[in-house]
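Asker: One structure, as structure tokens, below. Some questions next.
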Amino acid sequence: MSIIGVRDVSLSYFTPKQETEALRGVNMEIEPGEFISIVGPSGCGKSTLLSLISGMLKPTSGRVLIDGRETDGVSPKVGYMLQRDHLFEWRDVLSNLLVGAEIRHMDRERAARRARELLERYGLSGFAGHNPDQLSGGMRQRVALIRTLVTDPDILLLDEPFSALDYQSRLTLAEDVFRIIKDQGKTAVLVTHDISEAISMADRVLVMSKRPSSIIAAYPIRFEEGEGLSPWKKREAGKYNEYFNSIWKDLDGHAIVSR
Amino acid sequence: MGMPSSQDKRPDPSPGYSRYLKSQKRAWWGILLSRLLILAAFLGLWELAARLKWVDPLLTSQPSKLVTTFRELGFEGSLFMHTRVTATETVIGIVVSMVLGTLIAVLFWWSTYASKVLEPYMVVLNALPKVALGPIFYILLGDEYSVYGMAVAISLIVTIMMVENGFKELARTKLQLMESFGATRLQMLRMVMLPASVPNLIATLKVNVGLTLVGVIMGEFLSSKAGLGYLIIYGGQVFQMNMVMVSICMLALMSVVLYGIVNVIGSYMLKKGFHGRT
Ligand SMILES: Nc1ncnc2c1ncn2[C@@H]1O[C@H](COP(=O)(O)OP(=O)(O)OP(=O)(O)O)[C@@H](O)[C@H]1O
Ligand SMILES: [Mg+2]
């Protein structure tokens, strides 16, 4: 059974001035353990789609299923890593990591232990007591990812998690995040503007059209070089360019901003 | 206003840098000296003008008389009593309008409905010169408590508006994460709105000190039987310029001390809230 099911979902935003139809007839099924990338033109509704999956938004029509059950409010099975890291500057790193656990009334001791473990595992062990403003951009993003992992969600939603970084740290962090997500066995949905990033991280790339948006193409990513290549290796693999060109063509006519 | 410190962490400042530090230090002493000179010149000229009868000392008072008056009023005890009354009123006024203002701002954030409904009333109350309410407070609250009425009336609306504006900014930028974890409003308030508001609350507090002082003195002018405001008005009525001047000096001193205390509290809270562990 698919862990995420989006069935014929449409969503319109209503404001006093206007009505914006963001999504129209979106369908997708995601299997447990899959890594999905979503690319699409700016403002087409990618973030909206993630908010729908997380349960922060309700679809105007259609159904969103998590583990076969229709969403009703934010699901504890879902962890959402937002575009901005949103670290609270009045808390140190460790207590930032515990924000989600605190909101969900999880056992503080256990959450703290898990947070320390994750810090250690992902090369931030000395930073539990630091303030967020003492961290680099890449470190902040990693802390934000760990904060999401502390609540132990089955599904990770990543909304352009690397867009605030320079190219170098972006590549390194993509590598780290890929490894972290794979070794935790999570299901992940990554939204990005960057086609190479989408191909190099995902098992499947979905392409969205302009607004009102739906999914216009899906590419299962398979390389002859074998399973389990790292994102870096995938960028050098044989079929990489082929995928890149097809996706680029799908997006043709849509202004893609590569930040 | 502080003096530039020459205690740099590095052991050996280059000759150019130590020359720069020295010149900075010299400049600072120059500024301090000029400040003192202005004060001395002002007092000296005032004294001289009064002694040589360029001006009528009955109307302008004179520094040497002020010292005597200060001693009389001070030893007799009433000056300090009046100062204490004004200080107490001011502190209580500040606390009341900070707490009340923050509570109302929280209410406005909690309920968009309430904030929309009450918006025009806030605008009118903000525009209204609060001094005009003096007689109402006097009749409703009596001579003692009408001072608090005036103090809170003058500082409350601005407090609400400042805190509320801070909340609006925070709600736009800092709540998304809380939403993504499915936080309740109470959790948002406790974990984000209040701690993130600390810098804004301190800024509001500083504005509040000035406004509350205006309110307290105004209130004392209108109705009170004690306090520096009362002393100033009384001194004016019995044509005792010395008393008026001494009271004003005392008031200035008290305000500076209050501002100092608020500054210390402010930087302590900032340090504790924003750079320590929670
Ligand atoms: N809260 C809202 N109220 C009204 N309209 C909204 C709201 N949020 C998004 N929209 C509109 O919905 C459309 C989709 O927005 P969304 O943020 O999902 O796009 P996106 O694909 O994530 O864009 P980007 O790539 O720039 O992040 C946009 O046209 C946007 O203006
Ligand atoms: Mg977006």
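Asker: Enumerate the calculated ³J(HN,Hα) couplings along region A:101-117 in order (Karplus 6.51 cos²θ - 1.76 cosθ + 1.60, θ = phi - 60°), each rounded to whole Hz, writing x wherever the residue is Gly or Pro.
Answerer: Taking θ as phi minus 60°, the curve returns 4, 5, 4, 8, 6, 7, 4, 5, 4, 5, 4, 5, 4, 4, 4, 5, 4 Hz for region A:101-117.
Asker: Let me ask you something else. Gap in Å between the Cα centre of region B:81-132 and the Cα centre of region B:165-179?
Answerer: 23
Asker: While we're looking at this one, here's another question. When the solvent-accessible surface of protein heavy atoms is calculated with a 1.4 angstrom probe, in what order do A:Glu31, A:Glu19, A:Glu117 fall, highest first? Working shown, then result.
Answerer: On the way: A:Glu31 80, A:Glu19 125, A:Glu117 105 Å².
Output order, biggest surface exposure first: A:Glu19, A:Glu117, A:Glu31.
Asker: Here's a follow-up. Counting protein heavy atoms only and a 1.4 angstrom probe, how many square angstrom of accessible surface do chains A and B bury in total, to the nearest 100?
Answerer: Details: alone 12520 and 17430 Å², together 27790 Å².
Looking at A and B, the buried total is near 2200 Å².
Asker: Count the lysine pairs in region B:65-274 whose Cα atoms sit under 28 Å apart, keeping only pairs 8 or more residues apart in sequence or on different chains.
Answerer: 17
Asker: Is chain A best put as rounded, prolate or oblate by its Cα gyration tensor, with a ≥ b ≥ c the root eigenvalues, rounded for a/c under 1.5, and otherwise prolate when a/b is larger than b/c, oblate when not? Can you show the working numbers first?
Answerer: Numbers: a/c = 1.64, a/b = 1.23, b/c = 1.33.
Oblate shape, in that a/c is at least 1.5 and b/c is the bigger or equal ratio.
Asker: Per residue of A:88-95, how many C-beta atoms from partner chains lie within 10 Å of its own C-beta, taken as a mean? Before the final figure, lay out the partial values.
Answerer: Working: counts 9, 5, 15, 6, 4, 0, 2, 2.
Going residue by residue through A:88-95 and averaging, the value is 5.
Asker: Can you tell me which of B:Gly149, B:Gly266, B:Gly229 moves the most in a GNM of chain B? Springs connect C-alpha atoms under 10 Å apart.
Answerer: Checking each option, the largest mean-square fluctuation is seen for B:Gly266.
Asker: Below 8 Å, C-alpha to C-alpha, sequence gap of six or more: please give me the relative contact order for region A:85-152 in percent. Can you show the working numbers first?
Answerer: Values: 75 pairs, mean separation 33.9, N = 68.
So the answer I get is 50 percent.
Asker: Which of the peptides B:162-174, A:154-166 is most tightly packed, and how do the rest follow, judged by the mean count of other Cβ atoms within 10 Å per residue?
Answerer: Values: B:162-174: 16.8, A:154-166: 20.9.
Going from most to least packed, we get A:154-166, B:162-174.
Asker: So how far, in whole Å, is the C-alpha centre of region B:205-230 from the one of region A:44-89?
Answerer: 53
Asker: Would you mind calculating the relative contact order of chain B from Cα pairs under 8 angstrom and at least 6 residues apart, reporting the percent as a whole number? Walk me through the numbers before you get to the answer.
Answerer: Numbers: 247 pairs, mean separation 64.1, N = 278.
Relative contact order for chain B comes out at 23 percent.
Asker: Given the C-alpha atoms of region A:85-152, compute the convex hull and give its volume per residue in Å³. Write down the numbers at each step before the final one.
Answerer: Numbers: hull volume 5.0 nm³, N = 68.
Each residue corresponds to 74 Å³ of Cα convex hull volume.
Asker: Need the list of aspartates and glutamates near B:Lys25 for cross-linking: C-alpha distance under 15 angstrom, and skip anything on the same chain fewer than eight residues off.
Answerer: Those aspartates and glutamates meeting the cut-off are B:Asp8.
Asker: Which shape class applies to chain B: rounded if a/c is under 1.5, otherwise prolate when a/b exceeds b/c and oblate if not, where a ≥ b ≥ c are the square roots of the Cα gyration tensor eigenvalues?
Answerer: Working: a/c = 2.87, a/b = 1.22, b/c = 2.35.
It is oblate, given that a/c is not under 1.5 and a/b is not larger than b/c.
Asker: Provide a whole-number value for the mean count of partner chain Cβ atoms within 10 Å of the Cβ atoms in peptide A:72-85. List each step's numbers first, then the result.
Answerer: Values: counts 0, 1, 5, 1, 2, 0, 3, 2, 6, 2, 4, 1, 4, 1.
Per-residue shielding by partner chains comes out at 2.
Asker: Would you work out the relative contact order for chain A, in percent, from Cα pairs under 8 angstrom that are 6 or more residues apart?
Answerer: Numbers: 504 pairs, mean separation 66.5, N = 259.
For chain A, the relative contact order is 26 percent.
Asker: Let me ask something else about it. Which helices, counted as full DSSP H runs in chain B, have an axial Cα extent of no less than 15 Å and a Kyte-Doolittle average of 1.0 or above?
Answerer: Working: long enough: B:15-51 (53 Å, 0.32); B:63-76 (20 Å, -0.16); B:78-110 (47 Å, 1.45); B:112-127 (22 Å, 0.57); B:134-173 (46 Å, 0.88); B:198-223 (36 Å, 1.39); B:241-275 (50 Å, 1.38).
Answer set is B:78-110, B:198-223, B:241-275.
Asker: Within chain A, what whole-number % of the accessible surface is contributed by carbon and sulfur, with the 1.4 Å probe and all protein chains included in the calculation? List each step's numbers first, then the result.
Answerer: Working: 5380 of 11450 Å².
That fraction is 47 percent.
The values are calculated or read from the model by the stated rules, or taken from the named source; none is laboratory data. None of the values given here were measured: they were computed from a predicted structure. For neighbour counting, all protein chains shown are included, and Cβ atoms are generated from backbone atoms with ideal geometry for every residue, glycine included. Just the protein is used for accessible areas: all its heavy atoms, side chains included, with ligands, DNA and RNA removed. Shrake-Rupley method; radii C 1.70, N 1.55, O 1.52, S 1.80 Å.
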